[in-house]
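Colleague: I'd like to ask you about the structure that follows.
None of the figures in this text is laboratory data; all of them are computed from the coordinates on show. Just so we're clear, the structure is a prediction, and the values are computed from it rather than from any experiment. Note that we place each Cβ from the backbone using ideal geometry, even for glycine, and neighbour counts take in every protein chain shown.
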């Protein structure tokens, strides 16, 4: 079990690192919004800032999702499960990961890769007057699914560890 916990710790460190690094996308996003507010106040709005701010916000929102899973900041329904023992909570968590989380992430990853590859193959650009390339931002979709898959694996390892620890205590 120690080997698996070591893998889990490395995945957690990776999720922590990517979450911290990607949180800095808020800086250019904030600067873009401030720039747009200033230029609009002088009656000179730009064509590109709205779309660029959407790119930064979308990338930030998606790429910190695994960090959110690591620190349990995603929405959960603890009202029912908090009444159960840690062992029962771990069993319910494991069932949810195996039958809901991983199938969803698998579909997301499969279609996200297909979506991104299609965008790269045609060097897709936006239909706006500015027309920036869309393939880099569409690559964020499967990348996020991959990060969430890894963090989900780490969460399952930690959940199984709780069950193994509980088993050792009850014997």
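Colleague: What is the Cα coordinate range of the chain on the first, second and third principal axes, sorted by size from largest, in whole angstrom?
Modeller: Cα extents, longest axis first: 73, 37, 29 Å.
Colleague: Could you state the angle between the C-alpha long axis of helix 102-121 and the longest principal axis of the C-alpha atoms of the chain, as a value from 0 to 90 degrees rounded to the nearest 10?
Modeller: Helix 102-121 sits roughly 30 degrees off the main axis of the chain.
Colleague: With 10 angstrom as the radius, rank 20, 105 by how many other C-beta atoms surround their C-beta, starting from the fewest.
Modeller: Result, fewest neighbours first: 20, 105.
Colleague: Among 50, 147, 42, which one shows the biggest mean-square fluctuation in a GNM of the chain, springs joining Cα atoms closer than 10 Å?
Modeller: 42
Colleague: Suppose a student asked you for the relative contact order of the chain, using Cα pairs under 8 Å spaced at least 6 residues apart; what percent would you report?
Modeller: With pairs under 8 Å counted, the relative contact order is 33 percent.
Colleague: As I understand it, the value is the acute angle between the Cα axis of helix 26-41 and the longest principal axis of the Cα atoms of the chain; what does it come to in degrees, rounded to 10?
Modeller: Value to nearest ten degrees: 30.
Colleague: Mind checking the angle between helix 86-96 and the chain's longest principal axis? C-alpha axes, 0 to 90 degrees, to the nearest 10.
Modeller: The answer is roughly 50 degrees.
Colleague: A further question follows. I need 93, 114 ordered by Cβ neighbour count within 10 Å, fewest first.
Modeller: 114, 93
Colleague: If you take the square roots of the eigenvalues of the alpha-carbon gyration tensor of the range 84-148 and sort them as a ≥ b ≥ c, do you get rounded (a/c under 1.5), prolate (a/b over b/c) or oblate?
Modeller: It is prolate, given that a/c is not under 1.5 and a/b is the larger ratio.
Colleague: Using the number of other C-beta atoms within 10 angstrom as an exposure proxy, rank 107, 156 with the fewest first.
Modeller: Sorted ascending by nearby Cβ count, the order is 107, 156.
Colleague: Can you order the peptides 54-62, 68-76 by their average number of other Cβ atoms within 10 Å per residue, highest first?
Modeller: Ranked from most to least packed, the peptides come out as 54-62, 68-76.
Colleague: How big is the gap, in Å, between the Cα center of the range 106-163 and the Cα center of the range 74-92?
Modeller: Centre-to-centre (Cα) distance: 29 Å.
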